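Nothing in this text is a laboratory measurement; each read-out follows from the coordinates by a stated rule. None of the values given here were measured: they were computed from a predicted structure. No Cβ is skipped: glycine too gets one built from the backbone with ideal geometry, and neighbour counts run over all protein chains shown.
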Amino acid sequence: MERSDERSPFAVLVDYERRSLAHRAGRPEQVDTPGHWRGVGFRLGARRLVAPFDEVIEIVPLPTVTPVPGAAPWMLGIANVRGNLLPVVDLKQFLEGERTALLESRRVLVVRQTGGNVAVLIDELYGQRTFNDAQRAEPGEIASGRYANFVQRAYRQGDDTWGVFSMELLTRTPEFRQAAA
């Protein structure tokens, strides 16, 4: 025998709304779990890196880039991203001197910098990565060379070491801010 709800459909909807408004869970990246850290995982060359969520505004496919005469080789040019003109930087060329192949599958991370945002070209996007305190590791080789200025800590997950790459430090670097050749 079926049990019927004696409330009117409107009363049921009002109850759903009340319970929904009382539940205030945030998006996963907003929920702070003690001992856990989350970021956006990506690859530059052979290095697996992760940038803090609060330093990456959005991730977009590589837009059409218009070269800027007289710019440094790592400054690919400017691009229109949703009506905003953004400088597009080849991060691997800036850090290693090796140009990233411009493939349609490439992504750029849009990050904040003083005076406006900048699009940073990466080799491969891995998406959200979550680490816990037990996975902390010494950056070691992942923070060698110019990466040492931007990677101060790392996490070990399986066979991979992920360096935490500070986009904030990158955008405050005088050389990065001065893209004229």
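On the stretch given as region 52-73, residues that are touching a residue at least 24 places away in the same chain (Cβ under 8 Å) and either within 26 Å of Q152 (Cα to Cα) or not in a loop (DSSP other than H, G, I, E, B) (or both) total 10.
Pairs linking a residue in region 93-121 that is closer than 14 Å to A79 by Cβ to a residue that is among the aromatic types (F, W, Y) and in a strand (DSSP E or B), with Cβ atoms under 9 Å and 6 or more positions apart or on different chains, are R107/F42; L109/F42.
The single condition among (1) more than 16 Å from the chain's Cα centre (by Cα); (2) under 21 Å from R38 (Cβ atoms); (3) assigned to a helix (DSSP H, G or I) that L170 does not satisfy is (1). Here is the figure for region 124-154: residues that are crowded, with 19+ Cβ neighbours inside 10 Å and of a type in the set (D, E) total 0. When R129, R112, R153, R146 are checked against the criterion of being basic (K, R), assigned to a strand (DSSP E or B) and in contact with a helix residue (DSSP H, G or I) (Cβ under 8 Å, 6 or more places away or on another chain), a single residue qualifies: R112.
For the residues E104, E98, the requirement of being of a type in the set (D, E), assigned to a loop (DSSP other than H, G, I, E, B) and in contact with a strand residue (DSSP E or B) (Cβ under 8 Å, 6 or more places away or on another chain) singles out E104.
Given the criteria more than 24 Å from I57 (Cα to Cα), among the small types (G, A, S) and in contact (Cβ under 8 Å) with a residue 40 or more places away in the chain, does G127 qualify? No, not satisfied.
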